[in-house]
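To start, the structure under review is shown below, and the notes come after it.
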Amino acid sequence: MELIQSRQQLSLVVLIRILLFSIIIGMLFYWRSDDIYSFYFDDQTTNVGLIVNGAILCLFLSGFIQVVLRLTFYVKEDKATVRFVSNLKQNPKSPLAGVPEQSLIALRYKIIKSLFEQRTPFQQGSAASALMASESGKNSLLKYINNVLILIGVFGTIVSLSIALVGASNLLDTMNGMGLIIHGMSTALSTTMTAIVCFFFFSYLYTHVMDVQTNLISSIEQVTTTYLLPRYQVQTDTLLFEVSGLIRTLQTVTNNLSDSHERLAHIESNIDTAISQYLEESKNRESELSQIKSILRQGFRLPEPS
């Protein structure tokens with residue numbers, strides 16, 4: 001339970017850390033906004049720099065929004081997992097109370113319960129691989145942005161250097177050639193810097209998203225192993241343990257039956273002894289009754305029976 005709660009805190013900490021870091025970066029850019037504006041917008045002979053830098057920023061912002069959405073999703077999933085474990089401990093009959101039906105832990109519980117009712121074994125390794133593949137597929141856009149972001153900067157650098165070469169070829173003919181050379185070199189520098197900064201920040205975001213995703217899947221597998229499989233899965237080791245328990249119980253019952261048989265034999269022996277004593281006493285009583293009858297006949301002068 002403590003491990004799962006730490007994962008929930010990890011998701012929240014990462015999300016808050018990213019938001020705070022973004023605010024700090026935004027304040028720094030606002031503080032140096034004049035220098036940034038002059039570096040990117042002043043004395044631009046062509047729009048190549050604006051187009052390439054704009055594409056880099058748009059790609060970065062789309063990835064940043066996706067990162068925030070994914071982290072928010074993981075925070076909700078962690079809360080659902082913690083709530084599910086709490087329900088299992090406090091109210092095992094209603095483990096999904098307050099847990100979203102489409103959450104990952106709820107879907108895992110429904111799958112295991114359905115397979116148990118169908119008398120089908122649950123393969124945890126296959127389920128874990130499928131869950132990892134599914135969640136990794138949801139982060140494919142982040143992976144694409146992380147791989148392509150630096151390449152756009154390289155593309156802008158190549159285009160800018162091409163412009164500088166064109167300016168160098170025109171330098172001998174017109175004075176505009178020097179302007180193109182300076183513009184090409186500055187554009188190459190700006191696109192490269194933009195791509196490197198965005199790639200550095202986005203790689204930091206992407207790494208943390210992957211860490212949170214791994215921790216979430218690990219927590220689901222932990223709950224599956226610790227709480228769900230003992231309830232809804234019959235494994236070989238569990239079956240052997242239960243059979244050995246049944247054997248021990250049968251041994252105890254057999255010993256009790258043996259003791260009961262000995263007690264019954266002792267009781268039977270006592271009953272035989274009591275019957276023998278009763279028969280002997282009955283014979284003695286018959287002789288005594290005969291003597292009493294004889295005395296009574298003699299006393300009352302009764303005739304002997306024929």
Mind checking which pairs have a first residue in the range 230-255 that is modelled with pLDDT of 65 or more and a second that is of a type in the set (A, V, I, L, M), Cβ under 6 Å, 6 or more apart or different chains? Tyr232/Ile112
Which one is nearest to Leu107 (Cα to Cα) among residues in the range 47-74 that are surrounded by fewer than 19 Cβ atoms within 10 Å (Cβ to Cβ) and under 20 Å from the mean Cα position of the chain (by Cα)? Phe73
Would you check which residues across the range 88-115 are part of a helix (DSSP H, G or I) and under 16 Å from Ala127 (Cα atoms) and list them? Leu104, Ile105, Ala106, Leu107, Arg108, Tyr109, Lys110, Ile111, Ile112, Lys113, Ser114, Leu115
How do the pairs read when you match residues in the range 134-154 that are without any contact (Cβ under 8 Å) to a residue 60 or more places away in the chain with residues anywhere that are assigned to a helix (DSSP H, G or I) and of a type in the set (Phe, Trp, Tyr), using Cβ under 9 Å and keeping only pairs 6 or more apart or on different chains? Ile150/Phe199
Within the range 92-111, does at least one residue satisfy the condition of being in contact with a Lys or Arg (Cβ under 7 Å, 6 or more places away or on another chain) and over 30 Å from Leu151 (Cβ atoms)? yes
Screening Ser103, Ser169 for residues that are in the same structural domain as Thr225 (by TED's automatic domain parsing) and at pLDDT below 80 leaves only Ser169
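Out of Ile158, Ile163, report the one residue that is at pLDDT below 75 and surrounded by fewer than 14 Cβ atoms within 10 Å (Cβ to Cβ).
Unique residue meeting the criteria: Ile158.
So which of Ser219, Ser190, Ser186 ends up being in the same structural domain as Ala106 (by TED's automatic domain parsing), within 30 Å of Ile145 (Cα to Cα) and modelled with pLDDT of 75 or more?
Answer to the selection: Ser219.
The values are calculated or read from the model by the stated rules, or taken from the named source; none is laboratory data. Being a predicted model, the structure only gives us computed values, none of them experimental. Glycine gets a Cβ as well: all are built from the backbone with ideal geometry, and neighbour counts include every protein chain shown.
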